[in-house]
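Each remark here refers to the structure printed beneath this line.
Each reported figure results from applying straightforward, stated rules to the coordinates on display, with no laboratory input. Predicted model, so just to flag it, every value in this text is computed and none were measured. FYI the Cβ positions are ideal-geometry reconstructions off the backbone, even for glycines, and counts take in every protein chain you see.
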Ligand code: MD3
Ligand code: FE
């Protein structure tokens, strides 16, 4: 299932399929402790995807900026524990793509409803860009945009489906990327939603 899309970019199609139900049960449990919310960007725009986090560090945005922090700003409590199954999946996928020893300390969970999208951006809030990022798609399909090092590089489109896993590292780690608008649908396991789990090593 390993396909090399570009330097440092790997797609593991359906790699997470067999574990999807467990992953979705874990997402529901996490959301019970730290609910999905649409955060505000520093520019004052509400993001269209709803998010929550698990693990020691969580990614947040508000008028003050983008950052990782140990507390959920909505409750003041630490984020829910990252389930063992999440850590194992991320580690296994990274290993398949040639990045051994990847232990995530942050899992951002994005939930897209019809109409939600994520514009082209770079992930650069982490301390050490030597670690890869592992992303897992669940539920409805979406068109992913894989750009280059500069915002002006024309992105390639890749359809991401239920169970697909992407691993980004090395020369691709700071590449621009995003997803197009989610189209309405009804998935047997997630109904109207697409979930994306993004595993990162964000701290030291
Ligand atoms: C390429 N999420 O949370 S996942 C994000 O589908 C994010 O929810 C999208 O971009 C989503 O930041 C895309 C694939 C992905 C994740 C991280 C990357 C691609 C990446 C980091 C660097 C380059
Ligand atoms: Fe991103």
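Taking every C-alpha pair closer than 8 Å and separated by at least 6 residues, the mean separation divided by the residue count of the chain gives a relative contact order of 26 percent. Once you compute Rg and the Kirkwood Rh from C-alpha atoms, what is the Rg to Rh ratio for the chain? Taking Rg over the Kirkwood Rh, I get 0.92.
Which of the three applies to region 20-114, rounded, prolate or oblate, going by the alpha-carbon gyration tensor with a ≥ b ≥ c and a/c under 1.5 meaning rounded? The shape class here is prolate. Mean residue ellipticity, 222 nm, helices only, the chain: the sum of -39500 (n - 2.57) across DSSP H runs of n ≥ 4, divided by residue count and rounded to 500, is -4000 deg cm²/dmol.
Fewest-first ordering of 183, 154 by other beta carbons within 10 Å of each residue's beta carbon gives 154, 183. Length, then width, then depth: along the principal axes, the Cα atoms of region 106-204 run 38, 30, 18 Å.
Taking other C-beta atoms within 10 angstrom as a stand-in for reagent exposure, 134, 9 fall in the order 9, 134, fewest first. Region 134-176 and region 31-48 have Cα centres separated by 21 Å.
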